[in-house]
Each structure stands twice: as C-alpha cells, then as structure tokens.
Amino acid sequence: KVAGWCGAIFASTERIKVDPNWDKGRQVCAHMLNSRFTELFMGMVTLYNITLIVVETERRLVCVKEGIGEDSPDCPCNYSDITIPDTVCLACYCTELAIKLYVYQFMFPTERWNVFDFFIVLVSILGEFAG
C-alpha cells in the first residue's frame with residue numbers, strides 16, 4: 001500500500017514534454033518539475049505563505065492601532081518568526097522559477113502561468129528590497 005501511495009506522489013504529470021536532445025541536467029529538472037511531489041511541495045509552500053501573510057497583516061494592524069511604526073523592530077510583523085519563513089518561501093519560489101527558466105528557456109513566456117509566476121516573484125523580490 002505504501003509503495004502505491006508513494007508511486008502516486010512521485011508520478012509524472014507530463015506537463016513539460018522532455019526532449020531527448022536536451023542535456024541530462026535539463027531533462028532531470030524537467031522530470032522534477034513534472035513530478036506530483038514538486039506540485040505538492042510547492043502547493044504546501046504556497047498555503048504556508050498565505051498563512052504567513054494573514055498573520056503578518058494581523059500584526060501590522062496591531063502596530064497601527066498601537067501607534068507603532070510598521071518599519072519599527074518593535075512591530076510584531078517584523079519579528080523573525082515571520083520574516084525568516086517569508087524569506088524561505090520566497091527562496092523556494094525563486095528556485096522553482098530559475099529551474100523553469102532553465103527547462104523552458106525561450107519557450108518560458110509561452111506558458112501563461114510561467115509569466116504570472118515570474119511577475120509575482122519579481123514583485124515580491126522588489127518588495128523585499130524596497131521595504
């Protein structure tokens with residue numbers, strides 16, 4: 001039973017057609033992106049990130065109500081229990097995006113979800129640096 005369950009998780013979804021002429025690294029990355037495990041993992045990262053956003057927003061409201069500046073280290077939304085996991089989630093998104101860019105290469109913009117993901121990650125990175 002467990003082997004069947006694991007097989008279902010690691011099975012391929014075949015979203016990306018792997019070209020046998022690609023180099024081995026690109027083929028491995030394409031198979032990884034095609035795996036249900038990757039989809040499950042990234043789905044869990046996204047759900048966790050949504051939870052972080054809700055908690056961070058609630059903490060920002062506390063700062064506004066108490067008159068604490070949102071950029072202040074005393075504001076609970078800037079505590080490391082939010083900022084570190086948020087950065088880890090962003091690193092996961094950046095890694096997935098980099099792998100997709102490597103696999104798709106010039107075909108990357110032909111998938112609408114890739115373009116959407118690219119802009120979401122870009123805005124998130126700019127938000128991190130802009131404050």
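The values are calculated or read from the model by the stated rules, or taken from the named source; none is laboratory data. Note that this is a predicted model, so its numbers are computed, not measured. Don't worry about glycine lacking a Cβ; one is built from the backbone with ideal geometry, like all the others, and counts go over all protein chains shown. Remember, those area values only see protein heavy atoms, side chains included, never the ligands or the DNA or RNA. Shrake-Rupley method; radii C 1.70, N 1.55, O 1.52, S 1.80 Å.
Yes or no, residue by residue, for (1) open to solvent by less than 90 Å² (accessible area, probe 1.4 Å); (2) part of a helix (DSSP H, G or I); (3) modelled with pLDDT under 90:
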residue: Ala3; (1), (2), (3): yes, yes, yes
residue: Cys6; (1), (2), (3): yes, yes, yes
residue: Val18; (1), (2), (3): yes, no, yes
residue: Arg26; (1), (2), (3): yes, yes, no
residue: Ala30; (1), (2), (3): yes, yes, no
residue: Leu33; (1), (2), (3): yes, yes, no
residue: Thr38; (1), (2), (3): yes, yes, no
residue: Glu56; (1), (2), (3): yes, yes, no
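Please determine, by comparing only the residues of segment 65-123 that are polar (S, T, N, Q) and touching a helix residue (DSSP H, G or I) at 6+ places or on another chain (Cβ under 9 Å), which one is surrounded by the most Cβ atoms within 10 Å (Cβ to Cβ).
The extreme case among them is Asn78.
Could you list, in sequence order, the residues of segment 98-129 that are under 19 Å from Gln27 (Cβ atoms) and either touching a strand residue (DSSP E or B) at 6+ places or on another chain (Cβ under 8 Å) or not basic (Lys, Arg) (or both)?
Ala98, Ile99, Leu101, Tyr102, Val103, Tyr104, Gln105, Phe106, Met107, Phe108, Glu111, Asn114, listed by residue number.
Looking at segment 79-97, I want the residues that are over 27 Å from Val115 (Cβ atoms) and have a partner that is open to solvent by 50 Å² or more (accessible area, probe 1.4 Å) and of a type in the set (Lys, Arg) with Cβ atoms under 9 Å, at least 6 apart or on another chain. Which pairs are those?
That search, which allows pairs on different chains as well, returns Tyr79/Arg59; Ile82/Arg59.
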